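Below: the structure, in structure tokens.
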Amino acid sequence: MKQLKRFALLCAAALTVVACSDNTPKQVSLGTETIELTAPANFSSMTVTGGRYTFTNVTTGVETVLEYPLSAGASVAEGLYNVKFEGEADCVVDLTKADAETSTTLTVKMQGVQNNVVVKADGSFRLTLALSVVPESSNDFVISEIYYVGSAYAADASGKQKQYNGDAYIKITNNSDTVLYADGLAFVESEFTTSTKNDYTPMVRDSAITVDALFVIPGTGKQYPVQPGESIVLCDNAQNHKEADASFMDLSGADFEWFTNSTNANYPDIDNPAVPNLEVYYCYTATIFVLNKQGTKAYALVRMPQGLTKEQYLNEYTYTAYYTNVLGKPTTPKTYYKIPNEWVVDAVEMRGYKYEFAWPVFDPSLDISYTYCGDLTSGTIEYGMAVRRKVASTTADGRQVLQDTNNSAEDFERNVVPSMR
């Protein structure tokens, strides 16, 4: 009997400890002084007139929406957040010296994002959020579709799928109402991954993107016209890949292919002489170049300056940087190739299907969020699926105007059937 009473007392004590333990995240008050909204560099002044913050808890996925300006009772639970602002502002914009006026006053939509923001229980929270203008509409080329995951053969008895290389592609669309020429337009892949953030010294993201591959469409200037609403396809191998499997892509009608002339006999590159090759200004690999299947790279369209040669680019657009590793030691400085942000026509950040989005590798003024294929919840890949830009509107003559707000999370449909299938 004494043993039973002792056991009962122990259970009661344990329950008391559990009851007294409160693991509920503490609510942290936010005030107007805790978040600073900063204007783009070419703004003389900016007055935010309205908007809202969205705090997305990285751990739970729970969103907390707070109106601007923050009310006296605004708060969020302690935790790790991705913070986004969307709103409107009256601003004075500095113009270039070539313009007749030196500045102009505008009312524009603004947006900004900061990832992995820590809100501590002690309330020591302060955030500086850089804002950029949301484009009203795109009047240039845009990346309209990316097929980066690639194809795979049917699953075997164990459920595994063998990957297939060669049928990756991107589609580029003239989103304007006039004829545009693709000559000199470049397609680039980011050097850095969106799944791993390192604090580089120097950090050039606010002025340039760092690339590991740069492919340029050849031409004399007006050799490759693209009509309004029409598209061109850049691909790995311009072949009919359906000959390998009926579910793969038919890229025999692609407009251009990247041919890296692999020197590795185990990974030969295939050249279709009927399809023009992109000019390889730089590529990190000596074998075949494939779009990052894990989805941890970012991609951009770049308009190369007229008259800039490959040799000039390779000589003049480099920088050397290092970062401090997890052991607190600086890494060996490395030389990187860069592209000035003002050359960028369109940019798309990606996230891997089983990797957290650590940071936007491009400046948020180019793209504030990301798109992806697959299921982030289960961490599974979706072979044979693509991401495609949404249609914002259709003109009276039937031309589709694609959505381009520099926010890939909103601008792209995910896990869609590729158009080249």
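With both labels modelled 7 Å from their Cα along Cα-to-Cβ, the ARG421 to GLU63 distance reads 2.8 nm. For the chain, the share of accessible area belonging to carbon and sulfur comes to 49 percent (1.4 Å probe, ligands and nucleic acids excluded). Taking label points 7 Å from Cα along the Cα-to-Cβ direction, VAL92 and GLN163 give a separation of 5.4 nm.
At a Förster radius of 51 Å, what calculated FRET efficiency corresponds to the Cβ-Cβ distance of THR49 and GLU230, to the nearest 0.05? Between THR49 and GLU230 the formula returns 0.85.
Need one number: nm distance between label points at THR107 and THR320, each 7 Å from Cα along Cα→Cβ, rounded to one decimal. It works out to 5.2 nm between the two label points. Label zone (GLN223, point 7 Å along Cα-to-C-beta; backbone nitrogen cut-off 14 Å) within the range 304-331: 307, 310.
Taking θ as phi - 60° and the Karplus parameters 6.51, -1.76 and 1.60, the scalar couplings of the range 351-362 work out to 10, x, 5, 10, 10, 5, 7, 7, 5, x, 6, 9 Hz in sequence order, x denoting glycine and proline.
Going through the cross-link list LYS162/LYS334; LYS242/LYS390; LYS109/LYS293; LYS197/LYS354; LYS84/LYS329, which pairs have a Cα-Cα distance over 24 Å in this structure? Checking Cα-Cα distances, LYS162/LYS334; LYS242/LYS390; LYS109/LYS293; LYS84/LYS329 exceed 24 Å. Highest average first, the peptides 266-276, 114-124 ordered by how many other beta carbon atoms sit within 10 Å of their residues are 114-124, 266-276. In the range 28-122, taking the dipole from charged Cβ atoms about the Cα centre, the farthest positive-side position among ALA41, GLY112, LEU70 is held by GLY112. Peptides 234-242, 411-419, 67-75, ordered by how many other C-beta atoms sit within 10 Å of their residues on average, highest first, read 234-242, 411-419, 67-75.
Sequentially through the range 215-221, phi angles give Karplus couplings (6.51, -1.76, 1.60; θ = phi - 60°) of 10, 10, 6, x, x, 8, x Hz, Gly and Pro residues having no value and appearing as x. Once R0 is set to 51 Å, what does the formula 1/(1 + (r/R0)^6) return for the Cβ-Cβ distance between ASN261 and THR394, expressed as a FRET efficiency to the nearest 0.05? Efficiency for this residue pair is about 0.75. THR54 exposes around 10 Å² of accessible area when a 1.4 Å probe is run over every protein chain in place. Rounded to whole Å, the principal axis extents of the Cα atoms in the chain read 91, 69, 53, largest first.
About its Cα centre, the chain has a charge dipole of approximately 1940 debye under the convention of +1 per Lys or Arg Cβ and -1 per Asp or Glu Cβ, with nothing else charged. If one computes the Cα centroid of the range 269-344 and of the range 144-206, what distance in Å separates the two points? Cα centroid to Cα centroid, the span is 13 Å.
In terms of the mean number of neighbouring beta-carbon atoms within 10 Å, the peptides 155-163, 304-312 order highest first as 304-312, 155-163. Between 0 and 90 degrees, rounded to the nearest ten: what's the tilt of helix 2-20 against the longest Cα principal axis of the chain? The answer is roughly 50 degrees.
The values are calculated or read from the model by the stated rules, or taken from the named source; none is laboratory data. Owing to the predicted nature of the structure, the values given are computational and were not obtained by experimental measurement. Positions of Cβ are backbone-derived with ideal geometry, glycine not excepted, and every protein chain shown enters the neighbour counts. Areas reflect the complete protein model, heavy atoms only, side chains present, ligands, DNA and RNA absent. Shrake-Rupley method; radii C 1.70, N 1.55, O 1.52, S 1.80 Å.
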